[in-house]
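Student: Let me give you the structure first, and then I'll get to my questions.
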Amino acid sequence: MSELWTTGLAGAAAGLGVAVPIGAMGVLLIQEGMRDRRGAVAAAAAVATVDMAYAAVATALGPLVAAALSGVEAWVRLVSAGVLLTIAGRGLWAARHGTQAPPPDSGGGAGAVRTFTRFAALTLINPTTALYFAALTTAQGSALSGGVQGTVFVAAVFAASLLWQQLLVAASSFAGARISATARAWTFRVGYGLVAVYAVKIALPLP
């Protein structure tokens, strides 16, 4: 039982390790929380689900994942950077024309599904997450070789990542409801600017 607790704590630490640093996805999630809490909750679940999926694949095939990405990582980074630059460009263009904070999606459940799908796709094309978990699980070695240990590790990754993403949503939703429209507009401008910076950082060095 103590081994399972240790594995669970390792998984939680791994989940927080990939989730807590605020990168492009964190900025986009915060903006979504300021705009539409229901959609942001779905977005947070999407990010945590992809973290869990990468952790599961890496737990089973850690060295193979690292080897598969080693030859194409730079190109995957370029695709990811291109997508983020497109998002940042559209957001900054909208901000310039006074539409930086569109109203919440009125599609109800369908809108939440679209948001979940969009954030899941954006997280999937980030090779850093896959390599992060591949390196961690390879280093853990035999500690995760058993089915139970692997399951506990992956579940703890999901729980920790989901908790952090939902905390971001709650904080951004709380702030978004209490700041002025002008201040909110500037947070969107700064946020999309940061996404553009992250995109350039991801793209370099070029292949």
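The values are calculated or read from the model by the stated rules, or taken from the named source; none is laboratory data. Because the structure is a prediction, the values reported are computed rather than measured. Don't worry about glycine lacking a Cβ; one is built from the backbone with ideal geometry, like all the others, and counts go over all protein chains shown. Calculation scope for accessible area: heavy atoms of the full protein, side chains included, ligands and nucleic acids excluded. Shrake-Rupley method; radii C 1.70, N 1.55, O 1.52, S 1.80 Å.
Student: Set the Förster distance to 25 Å, then compute FRET efficiency between Ile125 and Leu61 from the Cβ-Cβ distance, nearest 0.05.
Tutor: 0.85
Student: Note the full-extension length gain between Leu163 and Leu206 as 0.36 nm times their separation in residues minus their Cα-Cα distance, in nm to one decimal.
Tutor: 12.0 nm
Student: I've got another one for you. Tell me, what is the per residue accessible area of region 152-202 in Å², probe radius 1.4 Å?
Tutor: Result: 50 Å² per residue.
Student: Extension gain Arg114-Thr182, at 0.36 nm per residue separation less the Cα-Cα distance, in nm?
Tutor: Computed gain between Arg114 and Thr182 is 21.7 nm.
Student: Taking all protein chains as present, what is the carbon and sulfur share of the accessible area of region 148-204, in % to the nearest whole number, probe 1.4 Å?
Tutor: 77
Student: Quick check on packing: order 112-118, 50-56, 122-128 by the mean number of other C-beta atoms within 10 Å, highest mean leading.
Tutor: 50-56, 122-128, 112-118
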